[in-house]
Each structure stands twice: as structure tokens, then as C-alpha cells.
Amino acid sequence: MAAMARRTQTPPTPPPDGRVIDVDVAAEMRGSYLEYAYSVIYSRALPDARDGLKPVHRRILYQMREMGLRSDRPHVKCARVVGDVMGKLHPHGDMAIYDALVRMAQPFAMWLPLVDGHGNFGSLGGDDPPAAYRYTECRMTAAAEAMTADLDEDVVDFAPNYDGQETEPVVLPAAFPNLLVNGASGIAVGMATNMPPHNLGEVVAAARYLLENPQASLDELMRWVPGPDLPTGGEIVGLDGVREAYATGRGSFRMRATARIEEVRGRRKGIVVTELPYGVGPERVVARIKDLVSAKKLAGIADVRDLTDRHHGLRVVIEVRQGFDPQAVLDQLYKLTPLEESFAVNNVALVDGQPRTLGLADLLQVYVGHRIEVTRRRSAFRKKRREAQLHIVEGRLRAIVDIDRVIAIIRASDDTAQARDALMETFGLTEVQANDILDLPLRRLTKFSKIELEAERDELRRDIASLGDILGSEQRLRAVVSAELAAVAEQFATPRRTRLTADDGSPVTSRPLEIPDSPCCVVLSATGLLARTTGPGFPSGDADRARHDAIADAVEVTTRGDVGLITSQGRVLRLPVLDLPSLDDTGPVSLAGGLPVSEVLGLEAGEELVGLTPVSEQLDVVLATRSGVVKRVSGRMPERKPDASIIALRPGDRVVGARSVRTGRDELVLITSDAQLLHFPVAELRPQGFAAAGVAGIHLSDGASVIFFSAVDPARPAVVVTIAGASAALPGTQAGSAKVTRFSEFPGKGRGTRGVRCHRFLRGEDTLLLGWAGPAPAKAVTASGQPVELPPANGKRDGSGTPLPTPVAAVGW
């Protein structure tokens with residue numbers, strides 16, 4: 001009571017200004033909480049649907065760009081990046097910034113990392129934390145540079161930072177759909193987001209399809225994006241939840257580890273896990289298995305070891321006790337351990353400043369709209385800048401017409417203003433043009449400069465017209481966006497890592513059933529790249545020169561069929577045509593997008609691919625060996641062992657060339673190392689069985705061997721290319737001398753003869769390094785695929801060659 005009396009007698013001290021404001025506590029709490037919730041939702045937890053980044057990620061990438069930390073520059077301490085971001089852009093704690101930077105550098109968290117980290121950036125599943133930022137180093141990746149490209153060309157809006165002393169982009173240009181490619185996760189107030197990563201090539205293909213078909217349905221888009229592609233691989237089992245997530249923005253799917261059963265110790269069977277579900281680490285799996293075994297809830301486990309290392313990757317070995325079925329144990333592991341996990345999809349992102357739940361079509365539509373706006377603003381900026389430069393150039397050209405008068409006006413003027421006014425009045429210049437003339441040094445006002453200025457003026461006018469076409473045509477604008485997306489996919493796309501399986505375990509692929517069984521052509525480049533065309537007919541040989549554009553062989557097949565690949569051991573290996581990349585048939589053929597032979601074939605040591613043949617119908621192939629033996633194989637391809645040969649090779653012999661017989665008038669051509677050429681009709685060669693050893697094709701001199709064999713259609717213009725050099729040199733390492741001769745210059749001879757001489761050796765030359773015969777014009781390339789100019793096709797049949805400036809590794813058409 002006494003205390004209450006004292007409080008009653010001592011009134012509270014009023015504010016200095018004498019005003020007392022009564023505030024309702026509930027209203028104050030409500031307002032403060034809403035302000036806090038708004039800040040969390042828009043400034044921290046949810047990504048923008050356009051670039052797929054939260055503010056902290058965007059600020060990190062932008063500041064790294066401002067610091068010049070490009071992918072070709074040295075790494076710097078992460079502490080520098082964290083300090084600059086915190087001091088200039090992000091008014092929050094350093095650990096929040098560093099955690100965001102670490103995630104962007106983790107290849108097991110991001111499908112396409114945006115930060116190139118150097119040091120300990122954590123481990124899969126968070127089993128081991130990253131090192132402190134004073135120890136680690138970082139720089140941007142090439143993908144991050146693509147995300148921030150063109151920022152200096154007014155492609156996005158900028159806003160003041162937290163203290164108004166700096167500016168930062170509201171959104172990044174985002175050259176690829178980062179939100180779908182890398183996914184996102186975050187917890188806001190009253191809402192959360194959780195998006196899985198996807199394959200960049202598939203997402204870009206869907207975005208390009210949407211550019212051409214703005215009203216595309218979900219089923220059409222899912223032909224390109226059949227499901228998520230997780231950085232850690234594994235499997236996705238059951239696609240109903242995936243489709244629901246793509247349709248509504250919410251759903252779930254099951255992720256399953258990749259495991260196989262093999263002998264792990266002696267004759268004991270075991271389960272080897274090589275890929276885990278997204279976000280699951282090996283330590284968590286091992287700990288869970290040991291707990292279940294200790295609690296006697298899981299039987300049949302003898303031992304479990306984590307053998308993961310940086311050299312061999314993820315490897316968890318689970319030994320199974322004798323008497324237990326390994327497959328049944330694996331099924332229990334999927335059921336009871338994190339080897340199978342669920343991923344709850346909740347596609348919440350900011351669209352026009354508002355949080356929205358987005359399906360696949362909505363996510364792609366928002367991104368495509370963003371890229372169209374970025375491209376439009378960039379084109380307008382470049383057009384305006386070029387128009388300003390053209391205005392300057394035209395002023396300079398006017399002044400150069402009478403340079404003496406310009407100099408006289410400047411010398412007679414009392415000050416700059418008087419000289420500017422006189423130039424404007426005399427030559428009809430604007431103030432900008434006059435100021436530019438006054439700033440120019442005299443050495444620029446010469447006749448040589450006039451030639452340069454006229455060339456610059458013409459180029460500027462062409463650029464302005466091209467940019468005007470882009471800005472004036474929605475279709476052209478969309479085509480530019482589509483082409484840029486295709487370039488990004490070519491640079492960054494990789495094969496799918498996660499396998500998609502239906503509930504019954506059957507595999508699901510992207511689009512194999514949607515591609516019609518239409519005619520196409522499989523092409524082998526002279527540098528060993530394989531690809532297919534999108535239409536029938538052989539590729540044109542007169543396209544502009546480019547890397548890898550020399551064609552060694554091409555056969556007509558169908559997209560759903562198989563192509564036979566003939567090796568130097570005489571084997572015919574089947575390969576589905578759909579496994580090869582498709583070439584665009586709308587312009588000149590470019591084989592640079594093909595796959596290396598080593599990526600599609602399991603060749604033995606020293607084995608090479610020497611020819612192509614269709615295998616769906618009748619097999620009609622001619623081949624020749626290094627020792628001069630030829631053989632024609634005709635008939636249906638039998639079901640043989642993969643290592644079986646279609647020719648019985650002698651010890652030490654090998655096939656140097658093989659061609660599918662296309663017409664009955666083909667001429668078979670053999671070129672030897674001692675510069676002899678023999679050709680005779682294919683009709684002279686009787687078909688033989690698969691086990692036959694062939695017949696004599698050309699009579700060889702002592703020490704000579706066949707270096708080239710092919711079939712030439714005499715009805716088409718054809719040439720013979722020979723490159724001579726020293727016998728000690730390897731092909732492609734010595735330039736030598738080259739000769740190109742019309743094929744009609746060489747008379748035909750009977751099979752088994754020596755043929756005729758095709759190249760006369762110069763001093764220091766004693767062998768042919770390379771020989772080739774085929775359709776004109778011939779194309780030569782280096783080992784890296786760069787084109788090499790050959791002499792004109794006017795060489796004498798037995799004449800000598802012209803020295804080459806660059807070594808030639810292969811020739812094609």
C-alpha cells in the first residue's frame with residue numbers, strides 16, 4: 001500500500017514539448033508486425049520471378065561485378081566481398097551475406113553455380129560447415145557474368161541503396177531462367193518458397209518454344225521440361241506430383257538415391273550408393289542406418305562405410321549379410337532411410353512486387369516477358385547511342401570538306417564561343433557538332449580520317465537500321481531473345497543428371513516419342529564429330545567455312561532408326577540416331593555442335609571410326625585395309641556380338657576406310673603412302689559373307705600401305721587431295737606440300753593393279769602424309785577444326801604440291 005501511495009504521489013515526467021500521445025498497444029503491435037512482415041517478404045525471403053534472386057543474392061552478384069571479379073580474374077577473399085556488400089548495399093549481418101554467397105558456390109546446391117569458390121565451402125547435406133570468410137576466396141562464374149551482362153546499357157531500373165549514397169539494380173538482366181534452373185528456398189512471414197532446380201537446356205528450349213507459341217499449353221511445355229533435374233542426380237519416382245506442381249505451383253515428388261548391387265568384399269554382396277537425394281548428405285544416411293541396425297529395426301546389414309572423396313565422388317558402401325537378399329534390403333533402405341525423400345514444391349515468387357504462386361507456364365511467361373523488355377531497352381539504348389555518334393561523324397565530315405576554312409575561323413576567333421558560333425553558321429553544324437570539331441586535334445582532320453569516317457558512318461547507319469527493325473517488329477524482337485537463349489544453352493547446357501521414372505519404375509525421357517520417324521542424315525566430320533540433320537538429303541558442301549565443317553561421311557537414315565558406325569577393327573556398332581545432336585537446316589551447315597565419337601562409342605585403345613552405314617534395311621558396305629585388301633559386304637545385318645567384325649583381319653592389319661554403297665556406279669578409290677592412286681568400279685567387287693577376309697584391292701610396293709579409301713560418284717564433280725612430307729612426321733604436325741587435282745585426271749585401272757602416280761615428291765619428301773578423294777570442293781582443317789586454305793584444283797596428275805603454311809589434320813567435303 002505504501003508503494004502504491006508513493007507511485008500515486010509522484011506523477012510521470014512529461015515529454016519535453018509537453019505533449020503526451022496515447023497509442024493503442026494492439027494497433028501499434030499490428031502495424032509494426034505488418035511492417036516487419038512486409039520487409040521480410042519483399043526484402044529478404046522471396047525471390048523475384050524475373051531473375052530468380054533474393055535481394056542479398058542480387059547485391060552480391062552486382063557488387064562482385066563492380067569489383068571486377070570476373071571469371072578470368074584471380075580469386076579474392078570472401079571477406080572483401082562480404083564487407084563491400086554489407087557496407088554499400090545490404091544493411092544486415094555479415095553471416096547472412098556470407099551464407100548466401102556460400103550457397104551460390106555449392107555445385108551440389110545449385111544446378112549452375114554463380115560463384116566460383118576457392119576453399120572449403122561446405123559439403124553435401126550440410127554435414128561439414130564452410131570455413132570462415134577470412135579463409136575462403138571467390139570470384140564470379142561465367143554464368144554470373146551472363147546474369148549481370150549489359151547492366152550499363154539501361155536494361156533495368158536502378159534504385160537508391162539503404163542510405164541513398166549508392167544505387168543498385170532492382171532486378172538483373174538474367175540471360176537464362178535462373179529461378180527454374182537453380183531453384184530457390186526461403187521462409188517469410190505467413191508464406192514460404194521451395195523450388196527445385198531444373199536442367200538449363202530443357203528450360204531454355206521451353207522458353208524458346210513459348211516465344212514462338214505464346215499460348216502454349218502445359219502439356220506442350222512439359223514435352224521440353226519433363227521434370228526437375230537435381231544437381232546431385234538420383235531419381236525422381238512418380239511424376240503426378242511434378243505435373244501438379246507445374247500446373248498449380250504446389251505439389252510434391254519423391255527423390256530416390258542411385259544404388260547398385262555388386263560384390264564389395266570377397267564374394268559378399270553389397271549395395272553401393274553413388275547419388276543421393278537433393279539436400280541429403282552421406283553422414284546423415286550412415287547415421288540413420290546405424291541407428292536402425294542398433295534398434296533392430298533393420299536386418300541384414302553387416303557394415304556401412306562412407307568412402308566419399310574428392311577423387312571418386314560420392315560412394316557409400318553397405319555390406320549385406322550372407323543369407324539376405326540385397327534387393328530386399330535395398331527396398332527397406334528406401335523405405336526407412338533418407339535414401340528416399342520427398343520434395344514439397346511451393347513456387348512462390350514476387351511478380352510486380354506481389355507474392356504469387358506460379359506454375360511452369362507462369363514462371364516461363366514472366367521470364368520471357370522480362371527478357372523481351374531487357375532486349376527492347378538495350379536495343380533502344382544502343383540505337384540512341386549510335387544515332388548520337390552518327391550525328392558527331394556527320395559533323396566531322398562536313399568540316400573536313402573545307403579544312404582550311406575551319407582552321408581560319410578558329411584562328412580568327414577571340415574565344416571558344418565565337419569560334420563555335422562561326423562554325424555553326426558557316427557549315428550548318430549543331431552546337432554538339434561544333435563543340436566536337438573544336439575538341440578535335442588537327443591530325444584527325446586529314447583525308448585518311450575522311451575515309452575512316454565514311455566507313456564509320458556507313459556502319460553506324462547499318463546498325464541503326466538493324467536496331468530499328470528490332471524495335472519495330474515484335475517478331476524480330478522475339479527472334480533476338482530466342483537466339484540469345486540458344487547461345488546461352490550452347491555455352492552452359494549439360495546432359496540431364498536426374499533420371500525420371502514413373503511409379504512402376506519405367507524411365508521417362510524428355511521427348512523421344514514426340515519426334516516423328518522422318519528421314520534425316522547422320523554426318524561424321526573429318527575431326528571426329530557426329531551429328532544429324534533435321535531433314536533428308538546430304539548437307540551442302542559449299543557453306544561458309546567454319547570450325548569442324550569438313551564432312552568425312554554422311555548417310556541417309558531415319559530419326560527413330562539406328563546408324564552403323566564402322567571402326568578400324570571392322571566392327572559395326574549400332575547407335576540410335578536420336579542419341580545424336582540435331583543440326584539446324586535453315587542455314588549453312590555447322591558441325592561444331594556435334595558430339596565427339598568418344599562420347600557416344602566405347603572404342604578400344606587405338607580403334608577409330610572410319611565410316612557410316614544404315615543398318616535398318618540391307619547392309620551394302622565396301623571397306624579396305626592398310627595392306628590393300630578390299631571387301632564388299634551385302635545383306636541384312638545379323639544379330640552378332642558387339643565385338644564381332646565384318647571382315648577377318650590379318651594380324652597387324654586394320655581398316656582404313658569404309659563407305660556405304662549408294663549407287664551402282666560408284667568408283668572405289670585407294671591412295672597409298674608412296675603416292676599411288678587406284679580406282680575401279682564397285683561392280684567389279686563381288687559381295688562376300690561376314691566371315692570372309694576380302695580380296696586383293698591394290699598391289700603395294702615394299703614398305704607402302706593404304707592411307708585412304710572411299711567411294712566416289714563419278715557423276716558428281718570430284719577432286720583428289722594429296723599432302724606430301726617426311727615419313728617421320730605424324731599427320732597434322734607437318735605442313736608439307738598439298739596438291740588438289742580433278743578426279744577425272746586419273747584413269748581407271750583394274751582391281752589388283754598398282755594404279756597411277758598421284759603426287760611427285762619434292763626434296764625432303766618421301767611419303768604421303770594424307771590423301772583424300774571426294775566431292776568438290778574439298779575442305780581441309782587442323783586438329784582443332786580450324787579451316788585451312790587449299791590450293792586451287794588445277795594440279796597435274798603426277799605433279800608436285802604447293803607448300804602449306806599450316807599443318808592439315810584431315811580433309812573432307
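Computed from the coordinates by the stated procedures, all read-outs in this text should not be read as laboratory data. Computed from a predicted model, the values in this text were never measured in an experiment. Using ideal geometry, Cβ is built from the backbone for each residue, glycine included, and neighbour counts are taken over all protein chains shown.
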The FRET efficiency for V317 and D240, from their Cβ-Cβ distance with R0 = 30 Å and rounded to 0.05, is 0.35
Nearest 0.05, what FRET efficiency do V20 and D154 give at R0 = 51 Å with Cβ-Cβ as r? 0.50
Helix-only [θ] at 222 nm, the chain, -39500 (n - 2.57) per DSSP H run of 4+, per residue, nearest 500, equals -9500 deg cm²/dmol
Of the peptides 274-282, 470-478, 156-164, how do they stack up when ordered by the mean number of other Cβ atoms within 10 Å, highest first? 274-282, 470-478, 156-164
Other-chain or far-sequence residues with amide H under 5 Å of I707's (modelled H): I671, T672, S673
Cross-link reach from K779 to aspartates and glutamates, straight Cα distance under 17 Å and at least 8 residues apart if same chain, gives D542, D544, D549, D553, E789
Set Lys and Arg Cβ to +1 and Asp and Glu Cβ to -1, take the dipole of the chain about its Cα centre, and tell me which of L423, V480, G694 lies farthest positive. G694
Under 13 Å from the Cα of K383 - aspartates and glutamates, other chains or at least 8 residues apart: E153, D154, E459, D463, D469
Of the listed pairs K54/K384; K269/K296; K631/K739; K290/K335; K88/K384; K631/K749, which have alpha-carbon separations greater than 25 Å here? K54/K384; K631/K739; K88/K384
How would you classify the range 245-378 from its alpha-carbon gyration tensor, with a ≥ b ≥ c the square roots of the eigenvalues: rounded for a/c under 1.5, else prolate if a/b is greater than b/c, otherwise oblate? prolate
Inter-label distance for A783 and A299, nm, one decimal - labels placed 7 Å from Cα along Cα-to-Cβ: 6.2 nm
With a point put 7 Å past each Cα toward its Cβ, work out how far E452 is from A692 in nm, to one decimal. 7.2 nm
Evaluate the charge dipole of the range 258-338 about its Cα centre and quote only its size in Debye, nearest 20, assuming +1 on the Cβ of each Lys and Arg and -1 on the Cβ of each Asp and Glu. 200 debye
Computed over the Cα atoms, what is the radius of gyration of the chain divided by 2.2 N^0.38 Å, N being its residue count? 1.26
Semi-axes of the equivalent ellipsoid for the range 53-173, Cα gyration tensor, largest first, Å: 23, 16, 13
Extending each Cα 7 Å along its Cβ direction at S473 and S727, get the distance between those two points in nm, one decimal. 6.2 nm
Add +1 for every Lys or Arg and -1 for every Asp or Glu among the other residues with Cβ under 9 Å from the Cβ of G697, and state the total. +2
For the pair A486 and E166, what calculated FRET efficiency results from E = 1/(1 + (r/R0)^6), where r is the Cβ-Cβ distance and R0 = 41 Å, to the nearest 0.05? 0.70
Hey, can you rank 425-433, 253-261, 165-173 by average C-beta count inside 10 Å, highest first? 253-261, 165-173, 425-433
Helix 403-412: angle to the longest alpha-carbon principal axis of the chain, degrees 0 to 90, nearest 10? 30 degrees
